[in-house]
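The structure under discussion is supplied below as structure tokens; questions concerning it will follow.
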């Protein structure tokens with residue numbers, strides 16, 4: 001982008017410490033200015049997080065105790081696949097258990113998860129080992145806790161470390177090979193998985209399942225604590241190679257009040273629960289966030305832009321973006337119903353069984369300016385887990401007791417996800433559909449080098 005915008009040629013030394021710029025005097029000057037702007041933006045946002053994002057997949061009990069024959073890839077050409085915005089064909093990973101009496105090659109669920117290790121998320125190489133839920137949930141939760149302990153020690157310190165989760169669906173594509181109908185374990189082990197298999201996560205929940213979820217939440221003692229209307233935009237600042245999100249409260253009189261302005265978050269850990277067909281998957285994200293410094297130039301600029309925003313019908317108008325080398329990348333509107341309730345996992349160890357986790361769930365009707373992202377989302381968090389993370393962050397370390405308590409809360413959230421997903425498997429024929437086009441692709445969260453999230457949490 002620097003070369004395209006400046007007209008100069010740029011090369012980075014092998015050591016990565018020097019940049020050589022060549023071209024006309026004007027092009028060199030323009031490129032140097034853009035490079036300086038991007039470095040300053042990078043440094044003022046806290047710099048890069050030096051640890052690679054870890055991505056772990058939990059295979060739910062719906063996969064059974066083993067997977068001796070094959071796993072298959074089910075082609076998806078419905079709303080969820082179309083909303084992903086990918087040109088590749090997208091597939092859902094499913095277990096294919098052998099019929100009774102049919103011999104199958106040796107292999108178990110751990111072999112499957114080993115074969116999936118190192119899968120690429122959104123086209124970027126990530127570290128992670130998928131883990132079978134039934135046998136190794138404790139291990140992956142401990143790894144999330146370890147990532148949190150590492151995150152709170154990071155310097156410069158994050159202003160916030162938090163956990164968020166979404167229901168949705170993990171979809172897979174094959175950039176270099178034709179998609180197989182199925183793979184045996186042996187075939188999967190022979191593949192160059194990071195190159196041959198990639199994943200994108202959709203945050204959409206089927207509209208026909210939303211009513212079932214709301215009934216289940218009520219049956220578990222969750223209460224509606226708030227309904228609200230929000231609008232959010234994702235802005236790109238091209239010269240600085242930066243992105244920002246603005247979230248607005250939509251007033252009854254049609255006015256807008258800026259609620260939050262932020263830059264992209266650092267992704268520290270992803271934990272994805274893979275369910276069988278008919279159940280939504282679930283993904284938890286451990287995030288590190290920097291806030292703008294009070295009175296900073298960026299904060300003042302975004303405040304001026306937000307002050308000029310108006311709502312015209314169902315669309316936001318934001319004049320003056322081009323004057324600041326900015327463009328509107330995405331606009332979204334949400335009608336949210338917020339549920340809060342306690343949840344405790346009966347499968348937790350005896351020392352944790354009495355610990356209940358307060359879980360906050362947002363059921364959102366989503367619409368976008370172009371109509372392509374209309375649908376439903378279900379997101380959530382735990383105020384107790386986030387408070388604990390902030391206490392750890394304030395100390396710059398995590399005690400053994402804090403880590404154990406955080407693990408208990410995460411275990412409760414995973415158990416909540418499993419039970420909720422099972423509730424959504426209720427007979428959908430008895431449910432009245434709430435809307436069509438029920439999916440929204442979590443594009444910016446998967447492509448974490450273009451971070452964007454308009455989550456409501458932290459209000």
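With the requirement that a residue be modelled with pLDDT under 90 and either under 21 Å from the mean Cα position of the chain (by Cα) or assigned to a strand (DSSP E or B) (or both), what does the stretch 312-325 give you? Even if it seems obvious, please write down each step before you answer.
First pass over the stretch 312-325, keeping only residues modelled with pLDDT under 90: 312-315, 320, 322-325.
Passing the criteria: 312, 315.
For (1) over 19 Å from the mean Cα position of the chain (by Cα); (2) loosely packed, with under 15 Cβ neighbours inside 10 Å; (3) assigned by TED's automatic domain parsing to the domain that holds residue 394, each residue gets a yes or a no:
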residue	(1), (2), (3)
212	yes, no, yes
219	yes, yes, yes
244	no, no, yes
248	yes, no, yes
310	yes, yes, yes
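Which residues, taken from the stretch 35-85, are modelled with pLDDT of 80 or more and part of a helix (DSSP H, G or I)?
Those that are modelled with pLDDT of 80 or more and part of a helix (DSSP H, G or I): none in the stretch 35-85.
Would the stretch 395-407 turn up any residue that is at pLDDT 80 or above, crowded, with 16+ Cβ neighbours inside 10 Å and touching a strand residue (DSSP E or B) at 6+ places or on another chain (Cβ under 7 Å)?
No - not one qualifying residue is present in the stretch 395-407.
Something else now. For residues in the stretch 129-153 being farther than 15 Å from residue 271 by Cα, part of a helix (DSSP H, G or I) and at pLDDT 75 or above, which is nearest to the chain's Cα centre (by Cα)?
Applying the filter and picking the extreme gives 151.
Exposed (fewer than 14 other Cβ atoms within 10 Å of the Cβ), part of a strand (DSSP E or B) and either outside the structural domain of residue 208 (by TED's automatic domain parsing) or touching a strand residue (DSSP E or B) at 6+ places or on another chain (Cβ under 8 Å) (or both): does that describe residue 272?
Values: exposed (fewer than 14 other Cβ atoms within 10 Å of the Cβ): no; part of a strand (DSSP E or B): yes; either outside the structural domain of residue 208 (by TED's automatic domain parsing) or touching a strand residue (DSSP E or B) at 6+ places or on another chain (Cβ under 8 Å) (or both): yes.
No; evaluated as a whole, the condition is false for this residue.
A further question follows. Filtering the stretch 376-396 down to residues that are touching a helix residue (DSSP H, G or I) at 6+ places or on another chain (Cβ under 7 Å) and touching a residue at least 40 places away in the same chain (Cβ under 8 Å), which residue is farthest from residue 315 (Cα to Cα)?
396
The values are calculated or read from the model by the stated rules, or taken from the named source; none is laboratory data. Since the structure is predicted, the reported quantities are computational estimates derived from the model, not experimental observations. Please note: Cβ atoms are built from the backbone with ideal geometry, for glycine as well, and neighbour counts cover all protein chains shown.
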